[in-house]
Each structure stands twice: as C-alpha cells, then as structure tokens.
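Report on the following structure.
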C-alpha cells in the first residue's frame, strides 16, 4: 500500500459545528503532517507528528486540534471554525526526517459557512 | 527565515516548446523536491533530489539541483497539453521534518 487516505473528501460545516478530518497510511511511515492550502497558494505546514508525538505546531489556532492515535492514523479535530478557515487540508507522511519526500493524501476540501 | 522563490509564477507556452522553471532558496539544504498539482487536486511527487549535482528525468521533465548556487531547475522538453498544472518545489529544512514550499509556477500549455 503506497497511499495516504483522507476522509472525507469534502466537508461543509457551520461555525458552531465540531467535525474531524481523518488520515491513514500503511507504509510504515513514522512522520505525519497536516498542511493547509488556500487557493493559488503553496501548502502551509500546520502540524508534524513524529513517532506519534507532536513535534511541530506552527502556531495554529486552538480551534484546530490534532491527534495521532497510532502510527497509521492522524486526525484533525475542528471546532468553532471561521469562514477564512475554508481551504484544502492535506495530510502527508514520510519515512523519517526529510529523506525521500512526502506522500500526500488526496485532501479534504473544507467549506465553513 | 528560509525563503523559496520560483520563477516564473505563471507560464503560458505553446506545445512543442522547451522551457525551464527556476527554484531559488535562501539557506543551506541538500534536499529538494518537485511536486505537481492539478486544479482542485492534491500534490503528486515528481522528483526527489538529495545531493549536489543530482539530475532526475521522467518523460518530458528533467530536474536538477545545484546546492552551492541554492538553485534547482525543472526543464520541460517539447511541452504537451497534459503538462498543464501548478509545479511546486519544496526545500527540506535540514534537521527538522519541515519542508518549505516555493511560491508555485502555474503552467499552461496551449495546443
């Protein structure tokens, strides 16, 4: 299995809702990432998990809460989002530090209304 | 602060023509990656360049890395419409898990 699977592919949520994005990989990668991408912009790093521990938080607002239940799963819990949080959320994984690059999931297109 | 700049930002070219996209970065790194992104889609890995002088080729695309000049190039040979996409380079911030993405180059190949 050489894929990173993200669900759902599309999500529309209200500003008072709570939802979660899910990411799964079975490549034995020990680093997993959440990126946010706005239209026509490069991806921006949000969080990095290394060996299931949070190693980087790029000063992301607390309404985004990551969780890594095990080495294959990564969640992003969403609560009280703002319309400006609408974006493509990308999960990625890699074998180790840098190395051979990231494998990206197909992304979740999030719309906050 | 590490900066990664690509040029051009936009490129419209005729089928059959050759062109080069440049990726400049501001700090020492010996690892650079190229990705392709189609509209509304995720990023697809194209090339992994892990040392000075590395050159990789796949089909009509060839990537190279000069770590001394802090420059990578993505050369397109005899462009075809299917190459229309946005291309990102990304630099590995040494010692961390962090990649910094370039500004992106939106390529449109006209038939």
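The values are calculated or read from the model by the stated rules, or taken from the named source; none is laboratory data. Owing to the predicted nature of the structure, the values given are computational and were not obtained by experimental measurement. Using ideal geometry, Cβ is built from the backbone for each residue, glycine included, and neighbour counts are taken over all protein chains shown.
Listed values, structure above:
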{"item": "Check on residue A:96, at the interface with chain B (Cβ under 9 Å from one of its Cβ atoms) and either outside any strand (DSSP E or B) or on the phi > 0 side of the Ramachandran plot (or both)", "result": "yes"}
{"item": "Given (1) under 25 Å from residue B:87 (Cα atoms); (2) touching a residue at least 40 places away in the same chain (Cβ under 8 Å); (3) under 11 Å from the mean Cα position of the chain (by Cα), index of the condition residue A:48 fails", "result": "(2)"}
{"item": "Strands (runs of 3 or more DSSP E) enclosed by the range B:1-104 - at least 2 residues per element that are over 17 Å from residue A:43 (Cα atoms)", "result": "B:10-14, B:19-25, B:43-49, B:55-58, B:61-66, B:71-76"}
{"item": "Residue match in the range A:70-93 (condition: assigned to a strand (DSSP E or B), surrounded by fewer than 14 Cβ atoms within 10 Å (Cβ to Cβ) and at pLDDT below 95)", "result": "yes"}
{"item": "Test set (1) outside any strand (DSSP E or B); (2) within 14 Å of chain B (Cβ to nearest Cβ); (3) surrounded by 14 or more Cβ atoms within 10 Å (Cβ to Cβ) - residue A:33 fails condition number", "result": "(1)"}
{"item": "Only listed residue being more than 8 Å from every other protein chain (Cβ to nearest Cβ), loosely packed, with under 15 Cβ neighbours inside 10 Å and either in contact with a strand residue (DSSP E or B) (Cβ under 9 Å, 6 or more places away or on another chain) or over 26 Å from residue A:89 (Cα atoms) (or both), chosen from B:63, B:78", "result": "B:78"}
{"item": "Qualifying residue in the range A:58-74 (condition: more than 9 Å from the chain's Cα centre (by Cα) and at the interface with another protein chain (Cβ under 9 Å from one of its Cβ atoms))", "result": "yes"}
{"item": "Sole residue being modelled with pLDDT under 95 and within 13 Å of chain A (Cβ to nearest Cβ), chosen from B:41, B:56", "result": "B:41"}
{"item": "Tally, over the range B:13-37, of residues that are closer than 12 Å to residue B:86 by Cα and either modelled with pLDDT under 95 or within 9 Å of the chain's Cα centre (by Cα) (or both)", "result": "4"}
{"item": "Selection from the range A:94-106 of residues that are surrounded by 23 or more Cβ atoms within 10 Å (Cβ to Cβ) and under 27 Å from residue A:17 (Cα atoms)", "result": "A:104, A:105"}
{"item": "Residue satisfying all of: in the range B:6-35; surrounded by fewer than 19 Cβ atoms within 10 Å (Cβ to Cβ) and within 11 Å of another protein chain (Cβ to nearest Cβ); farthest from residue A:37 (Cα to Cα) among these", "result": "B:30"}
